[in-house]
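Some notes on the structure that comes next.
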Amino acid sequence: MIAIFKREMRAYFTTSTGYVFLAVALALSGIVFGASTLLMSSGDTGAYFSLMLFVLLIILPILTMRSFSEERRTKTEQLLLTAPITTTQMVLGKFLSALSMFLIALTLTCVNYIPLFAYAVDFKSSGHINAMAPNIALIVGNMIALILVGMSFIAIGLFVSSLTENQFASVVITIAILLGLLLIGIFNSFIESYAIRTILSWLSIYSRYTAFTYGIFDIGAIIYYLSISGVFLFLAVRVFEARKYN
């Protein structure tokens, strides 16, 4: 598993994939942060973190599109399947490498908070009420929530990548699935049936994430995101198990 992890991390930085991912992640997060927080002259970062879900929807499929699709396209998949590692270790190695890249990008986006804190300090030193004071606990809680959501998105992306050798198809299908999981929560209020609303709310990634934007650390949501990650990683393993023995 460690060998796969190192191989994937090396591939991210010896090809354009890793650099494109980091550049797009920083650019989009900066634009969203500026529009939702700085231009609103408010220290409330709730809107920023809500919009970041849609940023992840765009950037994470870029990160996972080549994970298995590239292996099938370049005919190196058989080398992995016959390597002295289990399919579980292979999938986990790729998952951890993609997660590491995501964590690097998420850490780099912390530069967005520098002007927010700088403005808050300047505003306070001028003797005014510090309306821009950012809530550090809320920011940390939302960052943890983004990591959990990112894990889920990566797991889904890896599963889709394991099904096709076309990277473009992998991106499109992954975005479609993630968009569906987000939109069912947003449009849930337009459904009259309580039973259907309950089921869709349970499935929705967005509905479960909303609590974090209000500073509520939802244990049920954490279990949900970890479960989503586990299910789709398991499905990816099963895909390769079936391919290995057939």
Potential lengthening between A35 and T74 on full extension [0.36 nm per residue; Cα-Cα distance subtracted]: 9.9 nm
Given the peptides 4-15, 89-100, 172-183, 155-166, arrange them by the average over their residues of other C-beta atoms within 10 Å, most packed first. 155-166, 89-100, 172-183, 4-15
In Å², what does the accessible area per residue of the chain work out to with a 1.4 Å probe? 48 Å²
How far is helix 219-244 tilted, in degrees, relative to the longest principal axis of the Cα atoms in the chain, given as a value from 0 to 90 rounded to the nearest 10? 20 degrees
What are the extents of the Cα atoms of the chain along their three principal axes, in Å, largest first? 70, 49, 28
For a label point 7 Å from the Cα of L163 along Cα→C-beta, name the residues of region 51-73 whose backbone N is under 20 Å from it. 57-73
Run through all the Cα pairs of region 184-228 and give the fraction in each 5 Å bin from 0, expressed as whole percent. 5, 24, 29, 21, 16, 6
Relative to the present Cα-Cα distance, how much length would full extension add between L179 and A137 at 0.36 nm per residue of separation? 12.3 nm
Using r as the Cβ-Cβ distance of I114 and Y19, and R0 as 22 Å, what FRET efficiency do you calculate, to the nearest 0.05? 0.45
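The values are calculated or read from the model by the stated rules, or taken from the named source; none is laboratory data. Model, not experiment: these values are computed from the prediction. Counting neighbours? That spans all protein chains shown, and the Cβs are built from the backbone with ideal geometry, glycine included. With ligands, DNA and RNA removed, areas are computed over all heavy atoms of the protein, side chains included. Shrake-Rupley method; radii C 1.70, N 1.55, O 1.52, S 1.80 Å.
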